[in-house]
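Taking it in order: structure first as structure tokens, then the write-up.
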Protein chains: 2
Amino acid sequence: MFERLIEGTEQKVVLSSEDLETLKSFFIPKKVRKRQYILNAGDVCQYITFVEKGLLRSFTVDDDGREHVIQFASEGWWVSDVGSFVSGKDALYNIEALEDSELLHLTRRAMDELLIKLPVMERFFRILMQNNIIALQRRVIAYMSLSAEEKYLKLMDVAPDIMNRASQQHIASYLSITPETLSRIRKKISENQ
Amino acid sequence: MFERLIEGTEQKVVLSSEDLETLKSFFIPKKVRKRQYILNAGDVCQYITFVEKGLLRSFTVDDDGREHVIQFASEGWWVSDVGSFVSGKDALYNIEALEDSELLHLTRRAMDELLIKLPVMERFFRILMQNNIIALQRRVIAYMSLSAEEKYLKLMDVAPDIMNRASQQHIASYLSITPETLSRIRKKISENQ
DNA sequence: TCCTCGACTTGACACAGATCAAGTTATTTC
DNA sequence: GAAATAACTTGATCTGTGTCAAGTCGAGGA
């Protein structure tokens, strides 16, 4: 239940086996079923969540009722509404399981205590945040400079796994195109080989 | 030369006046003129830079030679190509001064030493990164759900200062629209009052 | 096994915003 | 302070992608 978490943490910081036990003790393991929500927009986001197994999406619903996928999170990824988690304000995002999943929740309080007990984890989370920024900046650029087809091909290249596991409408939403356009892109690409 | 840096740091973490002197000692003050580049894409980004005074933009140039503004940074903001800075790989972004500016550079080595000497700064940078993520996610959502005019109005609301100081083409680039479209939006809005 | 309901496909059409081009107005620069 | 250059405006036209609508397919429930 903690394999991926430990693997991911050891990639960024050095921890003794004792530290690892301490680390584990702060997380709440949780199994969720497909379609289950772990966060509803409007509630306060209580956790930053690590995905041991499964697939989630975080998304907003805009004023016209349209859904926009912010992020997919599969094995080894973290997901949260960071803004809500750190400030205690209402969440803007929903988080939903797209597959039966095994999660590790870290509450705000647990995180604060963890950072006191294992200060090296400050570094870990800083690096995590840095990597998140790098990814988000890339995404902003992709939205700015690429056509629908180019965005599709890029995602196919970077995250083929997600492409197979998420539904077309969710992928379309992530790419910020309509399911119809995505369908046509796929058709066109399959015809050209 | 350090007023803004100190002000901004004290908002996030508690430091003694001795700590503040230590903090200052790690930064390299630098004045740059309008149009001067402090980072060229392809070089390694040596600094994370704090803006004491002035205005910068970071931007990429895509394969078609089009520029895309990632970020504006005015007084109190940090700017860097985080990906390059932390990994030592080639920068994807350029950073250019849009006004004569006063900057504080922190090298990678200085940052590492600073974090050893003042571990509380781990927290500071983690919070900085968190806020950056929150802003970037909002921007992704804005790109996904808003029309050109709505994006313009939103930026006008959030950063009216930038609107007055940056050129139309740079604002258009930031909003990912053409200067022509921005010109028409401004005309339309000014006619409606 | 059939029925249902959601997911995907396909076509016809609409439109926001891009592109191209030609003027006008600022801002540099010498 | 005049010439050169860059920035902005405005119009005409084009185009990628959205919208709407009518299928088709496929998996899960009774």
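May I ask you to verify whether B:S25 is at pLDDT below 95 and exposed (fewer than 12 other Cβ atoms within 10 Å of the Cβ)? I'd like the intermediate steps shown before the answer.
On the way: at pLDDT below 95: no; exposed (fewer than 12 other Cβ atoms within 10 Å of the Cβ): yes.
The answer is no for B:S25.
Is at least one residue of the stretch A:100-107 surrounded by fewer than 21 Cβ atoms within 10 Å (Cβ to Cβ), in contact (Cβ under 8 Å) with a residue 60 or more places away in the chain and within 16 Å of DNA strand D (Cβ to nearest atom)?
Applying the first criterion (surrounded by fewer than 21 Cβ atoms within 10 Å (Cβ to Cβ)) to the stretch A:100-107 yields A:100, A:102, A:105, A:107.
Then keep just the ones that are in contact (Cβ under 8 Å) with a residue 60 or more places away in the chain; that gives A:100, A:102, A:105, A:107.
So of that shortlist, the ones also within 16 Å of DNA strand D (Cβ to nearest atom) come out as A:100.
Yes, some residue in the stretch A:100-107 is surrounded by fewer than 21 Cβ atoms within 10 Å (Cβ to Cβ), in contact (Cβ under 8 Å) with a residue 60 or more places away in the chain and within 16 Å of DNA strand D (Cβ to nearest atom).
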_Residue that is more than 20 Å from A:L98 (Cβ to Cβ), away from DNA strand C (no atom under 11 Å from the Cβ), among the charged types (D, E, K, R) and in contact with a Lys or Arg (Cβ under 6 Å, 6 or more places away or on another chain), where the choices are A:R126, A:R138_ = A:R126
_Tally up the residues in the stretch B:139-163 that are free of Cβ contacts under 8 Å to residues at least 12 places away in the same chain, farther than 12 Å from B:F72 by Cβ and within 14 Å of DNA strand D (Cβ to nearest atom), please._
5
*Could you please let me know if A:Y93 is within 16 Å of DNA strand D (Cβ to nearest atom) and either within 10 Å of chain B (Cβ to nearest Cβ) or touching a His at 6+ places or on another chain (Cβ under 6 Å) (or both)?*
no
*Taking A:M129 as the residue in question, decide whether it is within 15 Å of DNA strand D (Cβ to nearest atom), at pLDDT below 90 and within 14 Å of another protein chain (Cβ to nearest Cβ).*
no
*Within the bounds of the stretch A:56-65, is there any residue that is surrounded by fewer than 18 Cβ atoms within 10 Å (Cβ to Cβ) and touching a residue at least 40 places away in the same chain (Cβ under 8 Å)?*
no
_Just the residues that are facing chain A (nearest Cβ under 8 Å) and free of Cβ contacts under 8 Å to residues at least 24 places away in the same chain, please, taken from the stretch B:116-126._
B:P119, B:E122, B:F125, B:R126
*Filtering the stretch B:46-82 down to residues that are more than 14 Å from the chain's Cα centre (by Cα) and not basic (K, R), which residue is farthest from the other protein chains (Cβ to nearest Cβ)?*
B:Q46
*Taking the stretch B:20-34, which residues are within 21 Å of the chain's Cα centre (by Cα), touching a residue at least 40 places away in the same chain (Cβ under 8 Å) and assigned to a helix (DSSP H, G or I)?*
B:L23
*Within the stretch B:158-193, restricting attention to residues that are in a loop (DSSP other than H, G, I, E, B) and surrounded by fewer than 16 Cβ atoms within 10 Å (Cβ to Cβ), which residue is nearest to DNA strand C (Cβ to nearest atom)?*
B:T178
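Please state which one of B:A148, B:A142, B:A172 is farther than 30 Å from A:S84 by Cβ and among the small types (G, A, S). I'd like the intermediate steps shown before the answer.
Working: B:A148 fails: farther than 30 Å from A:S84 by Cβ; B:A142 fails: farther than 30 Å from A:S84 by Cβ.
Result of the check over B:A148, B:A142, B:A172: B:A172.
Just to be sure I understand, how many residues within the stretch B:35-45 are assigned to a loop (DSSP other than H, G, I, E, B) and either farther than 25 Å from B:E122 by Cα or more than 14 Å from chain A (Cβ to nearest Cβ) (or both)? Spell out the reasoning first.
Step one: list which residues in the stretch B:35-45 are assigned to a loop (DSSP other than H, G, I, E, B), which gives B:35-36, B:40, B:42, B:45.
With either farther than 25 Å from B:E122 by Cα or more than 14 Å from chain A (Cβ to nearest Cβ) (or both) added as a condition, the list becomes B:35-36, B:40, B:42.
Selection size over the stretch B:35-45: 4.
The values are calculated or read from the model by the stated rules, or taken from the named source; none is laboratory data. The shown structure was predicted, so the numbers you read here are calculated from the model rather than taken from an experiment. Virtual Cβ from ideal backbone geometry, glycine too; neighbours counted across all protein chains shown.
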